[in-house]
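For reference, the structure is listed below as structure tokens.
The values are calculated or read from the model by the stated rules, or taken from the named source; none is laboratory data. The model shown is predicted, which means the values in this text are computed figures rather than measured ones. Cβ atoms come from the backbone with ideal geometry, glycine included; neighbour counts cover every protein chain shown. The protein model used for the area step is the full one, side chains on, heavy atoms only, and it has no ligands, DNA or RNA in it. Shrake-Rupley method; radii C 1.70, N 1.55, O 1.52, S 1.80 Å.
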Amino acid sequence: MFLIGLLSFFQMVFIPGFIILKLFKDKIKIENSIQMVIYAFGLSLLFNYLMVYFLTTVGFYKPIVIYLVVLGELFFLIYYLIVNRISFSWKLNFGNYFYGFNQFVQNHSFFHTFLFLMALGVLVFYVYI
């Protein structure tokens with residue numbers, strides 16, 4: 001049950017947006033991984049909203065259709081990872097994150113930095129709950 005919950009969480013907040021970003025990689029310029037995560041999050045929410053709206057409107061919002069959509073997303077994600085031979089490293093280098101945040105603060109106004117810190121605080125609070 002835990003794995004299904006984890007899969008549903010990633011399907012809600014990451015997988016559809018990541019797929020959209022990879023499909024339109026020529027049109028959308030991504031400079032760093034934080035920007036990719038933020039774009040993937042927003043696009044995933046938008047995609048899921050539009051998908052539920054459309055499926056409900058046409059009367060196809062049924063569990064089997066949702067399972068097929070999630071299965072299709074997972075298939076595309078695995079295909080993308082295999083074709084591009086992407087490997088995951090679990091080694092975290094916090095120095096790069098602090099450097100990136102420092103660059104963000106220097107290049108943006110106080111208001112942008114404040115909004116970023118508020119969003120990060122909400123995210124940390126959400127994970128805590």
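For the structure I just gave you, tell me whether residue 30 is modelled with pLDDT under 90, outside any helix (DSSP H, G or I) and loosely packed, with under 10 Cβ neighbours inside 10 Å.
Numbers: modelled with pLDDT under 90: yes; outside any helix (DSSP H, G or I): yes; loosely packed, with under 10 Cβ neighbours inside 10 Å: no.
When the stated conditions are applied, residue 30 does not pass them.
Which of the residues that make up region 70-100 are hydroxyl-bearing (Ser, Thr, Tyr) and either at pLDDT below 75 or more than 19 Å from the chain's Cα centre (by Cα) (or both)?
87, 89, 97, 99
Looking at the structure I just gave you, is residue 37 open to solvent by less than 100 Å² (accessible area, probe 1.4 Å) and farther than 30 Å from residue 96 by Cα?
no
Does any residue of region 85-96 turn out to be β-branched (Val, Ile, Thr) and surrounded by 10 or more Cβ atoms within 10 Å (Cβ to Cβ)? Write out each step before concluding.
Looking only at region 85-96, we keep the residues that are β-branched (Val, Ile, Thr), and these are 86.
When the remaining residues are screened for being surrounded by 10 or more Cβ atoms within 10 Å (Cβ to Cβ), the result is none.
Within region 85-96, none of the residues are β-branched (Val, Ile, Thr) and surrounded by 10 or more Cβ atoms within 10 Å (Cβ to Cβ).
Take residue 43 and decide whether it is in contact (Cβ under 8 Å) with a residue 12 or more places away in the chain, under 10 Å from the mean Cα position of the chain (by Cα) and either at negative phi or surrounded by 11 or more Cβ atoms within 10 Å (Cβ to Cβ) (or both).
yes
Can you go through 75, 111, 60 and tell me which one is out of contact with any His (no Cβ under 9 Å at 6 or more places or on another chain), part of a loop (DSSP other than H, G, I, E, B) and among the hydrophobic types (A, V, I, L, M, F, W, C)?
Details: 75 fails: part of a loop (DSSP other than H, G, I, E, B); 111 fails: part of a loop (DSSP other than H, G, I, E, B).
After ruling out the rest, the residue left standing is 60.
Considering only region 30-46, how many residues are under 14 Å from residue 119 (Cβ atoms) and in contact with a helix residue (DSSP H, G or I) (Cβ under 8 Å, 6 or more places away or on another chain)?
5
Residue by residue through region 47-69, note down the ones that are touching a residue at least 24 places away in the same chain (Cβ under 8 Å) and open to solvent by 50 Å² or more (accessible area, probe 1.4 Å).
47
Checking the condition under 30 Å from residue 99 (Cα atoms), open to solvent by 70 Å² or more (accessible area, probe 1.4 Å) and either modelled with pLDDT of 85 or more or among the aromatic types (Phe, Trp, Tyr) (or both), which residue from 2, 10 passes?
Matching residue, one of 2, 10: 10.
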